[in-house]
1. Residues ILE225, ILE146, ILE184, ILE162: which one is more than 21 Å from LYS104 (Cα to Cα), assigned by TED's automatic domain parsing to the domain that holds ASN343 and either under 19 Å from the mean Cα position of the chain (by Cα) or of a type in the set (Lys, Arg) (or both)?
2. So which residues in region 298-351 are part of a loop (DSSP other than H, G, I, E, B) and more than 21 Å from the chain's Cα centre (by Cα), if there are any at all?
3. List the helices (runs of 4 or more DSSP H) that sit entirely inside region 43-139 and contain at least 3 residues that are closer than 30 Å to GLU298 by Cβ and more than 22 Å from the chain's Cα centre (by Cα).
4. Show the residue pairs that are 6+ apart or on different chains and have beta-carbon atoms under 6 Å apart, the first residue being within region 60-77 and at pLDDT 95 or above, the second being of a type in the set (Phe, Trp, Tyr) and buried (at least 18 other Cβ atoms within 10 Å of the Cβ).
5. List the number of the failed condition for ILE89; all other conditions in (1) surrounded by fewer than 23 Cβ atoms within 10 Å (Cβ to Cβ); (2) in contact with a Cys (Cβ under 8 Å, 6 or more places away or on another chain); (3) touching a residue at least 60 places away in the same chain (Cβ under 8 Å) hold.
6. Of all residues in region 254-269, count the ones that are farther than 18 Å from ILE146 by Cβ and touching a residue at least 12 places away in the same chain (Cβ under 8 Å).
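The values are calculated or read from the model by the stated rules, or taken from the named source; none is laboratory data. Note that this is a predicted model, so its numbers are computed, not measured. Glycine gets a Cβ as well: all are built from the backbone with ideal geometry, and neighbour counts include every protein chain shown.
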Amino acid sequence: MTWSNEPTPTDIGVAVIGAGYWGPNLIRNFLSSPDTWLWSVCDLDVDRAHQVLGRHTSVTVTNDLSDVLSDPRVEAVAIATPAHTHFGIARACLDAGKHVLVEKPLALSSADAERLVGFGAERGLVVMCDHTYCYTPAVQRIRADIRSGSLGRIQYIDSVRINLGIIQSDADVFWDLLPHDLSILDAILPAGIEPTAVSALGVDPVGAGRACVGYVTMMLPGDGIAHVHVSWLSPVKIRTTIIGGSHRYVVWDDVDPAQRLSIYERGVDVANISATDDQRQMMIQYRSGDMLAPALQESEALAGVVAEFASCIRSGRAPITDGRSGVRILRVLEAVDASIRDNGRLVPLDVHSVRQ
């Protein structure tokens, strides 16, 4: 690959807004992408932005959003600012004719997220969520296997996302960690298979003023179920997801680079006939087969996000993690909040739907 010090006609001009926690990762990936040209970085702290970029760069630094909005070279904007600013900044970018990539969450309410999706659709612009885990090789493999039917009907999903801290000042553990699992579920499940009801419980045993440990149960169509455990108070970091299909089971351990995925040729078969409980018990068969550990090529997920963003801008197709997926995730988070307020009541979800 030949690298140039000047943009090519096919490069997509980009600006990054926010150079704090996540912004530097976006900046690095846009700079290294063969599909994009980073023109500017906007941050209230210009010294911090300069420090992220380093001494030898032609990227413009500004603390004025209007500089980005008025720059005709900038076709697309990546937003990595505090969550409460996402809607306002994304709306301004869409009004200025810029495609947007927004760090999670897309907005602080599903209503505002739907408005952003509508603004983008009216203007023919890409609205994409930076749900980075969906672009890991492991999730891409799981998504392909589920959609090919090799796992069979999805019966259950168990996920554990726990670690020690960081206790957030502006969000509870659900809004901090759960979007990762919700975005993964949204990406891997086939269209039309999404949570129909949610129950959640959370506790604050350390007096942080917000839930630090939580459990979420989601009902899926066809007697399926998904369960997620999130915590800021675990002495060990665990990132494990088990997906049970009628044909195969998948175990994803994201903290084990040597064997992230394990696919088991195991399962339970029950004769589908009219029978008494005793007769049915005799007809249960357990399948015990091989375990496959597929070789996955390690790659940075955020590079996949940038490539998907650029590809969708060029082609006009919807990203895997488009604005509608952001709306669906926010609807589940809102249902989680409602369930917690009502002591874990099962809250129905309206799935009428945001998919197109």
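1. ILE146
2. Of everything in region 298-351, those that are part of a loop (DSSP other than H, G, I, E, B) and more than 21 Å from the chain's Cα centre (by Cα) turn out to be ASP342, ASN343, GLY344, ARG345, LEU346.
3. So the answer is 46-53.
4. Pairs found: ARG73/TRP39; VAL74/TRP39.
5. That leaves (2) as the condition not met.
6. Number satisfying all stated conditions: 5.
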